[in-house]
Amino acid sequence: MSAMNTRRSSVEKVDPLVFQRISLSEIRQGRHGKHYDLVGRIAGEMEALADGEALRIPLEGMNISLANLRSAVARAMTSRGVKIGTSSDGDSLFVWRKTASTRRYERKQRK
């Protein structure tokens with residue numbers, strides 16, 4: 001057999017497309033998790049906070065754990081370029097914008 005005969009034909013049979021093709025410009029960028037609306041409201045209220053104020057977000061009646069809410073809020077605020085501090089008393093999550101004047105309220109970093 002010659003080398004010519006062992007090569008595949010340059011025109012192969014192609015199965016019909018199963019999936020639709022779309023332009024990348026049509027794809028929504030960003031994340032819309034299941035708590036998107038709640039986190040969006042929190043982020044909106046964070047913008048109106050004065051320096052030295054915190055939001056108190058009661059956990060009762062919410063279908064989200066403290067850890068998941070804290071993560072979602074931190075992720076949303078980080079994507080907006082806002083550094084936040086958080087604390088909890090078990091019943092509520094407290095969230096504030098980190099500034100030089102709020103440093104004394106933040107947990108001490110372990111070395």
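The values are calculated or read from the model by the stated rules, or taken from the named source; none is laboratory data. These numbers were taken from a predicted model, which means no experiment stands behind them. A quick note on method: Cβ atoms are made from the backbone with ideal geometry, for glycine too, and the neighbour counts reach across all protein chains shown.
Taking the residues in region 40-76 that are of a type in the set (A, V, I, L, M, F, W, C) and closer than 18 Å to R103 by Cα as candidates, determine which candidate is surrounded by the fewest Cβ atoms within 10 Å (Cβ to Cβ). Can you show your working first?
Narrowing region 40-76 to residues of a type in the set (A, V, I, L, M, F, W, C): 42-43, 46, 48-50, 54-55, 57, 59, 62, 64, 66-67, 69, 72-74, 76.
So of that shortlist, the ones also closer than 18 Å to R103 by Cα come out as 46, 49-50, 54-55, 74.
On the way: M46: 20, L49: 13, A50: 6, A54: 19, L55: 18, A74: 16.
The residue in question is A50.
Selection within region 55-87: residues that are touching a strand residue (DSSP E or B) at 6+ places or on another chain (Cβ under 7 Å) and of a type in the set (G, A, S). The member of this set that is nearest to V39 (Cα to Cα) is A74. Close contacts from region 20-45, counting a first residue that is in a helix (DSSP H, G or I) and a second that is basic (K, R) and modelled with pLDDT of 85 or more, with Cβ to Cβ under 7 Å and a gap of 6+ residues or different chains, come to A43/R80. When you scan region 88-95, do you find a residue that is touching a Pro at 6+ places or on another chain (Cβ under 9 Å), part of a strand (DSSP E or B), among the hydroxyl-bearing types (S, T, Y) and touching a residue at least 12 places away in the same chain (Cβ under 8 Å), even just one? Yes, region 88-95 contains at least one residue that is touching a Pro at 6+ places or on another chain (Cβ under 9 Å), part of a strand (DSSP E or B), among the hydroxyl-bearing types (S, T, Y) and touching a residue at least 12 places away in the same chain (Cβ under 8 Å).
Looking only at region 47-85, count every residue that is assigned to a helix (DSSP H, G or I) and under 16 Å from the mean Cα position of the chain (by Cα) and tell me the total. Working first, answer last.
Step one: filter region 47-85 for residues assigned to a helix (DSSP H, G or I), giving 47, 66-79.
With the extra rule that they be under 16 Å from the mean Cα position of the chain (by Cα), the set shrinks to 66-79.
Within region 47-85, residues that are assigned to a helix (DSSP H, G or I) and under 16 Å from the mean Cα position of the chain (by Cα) number 14.
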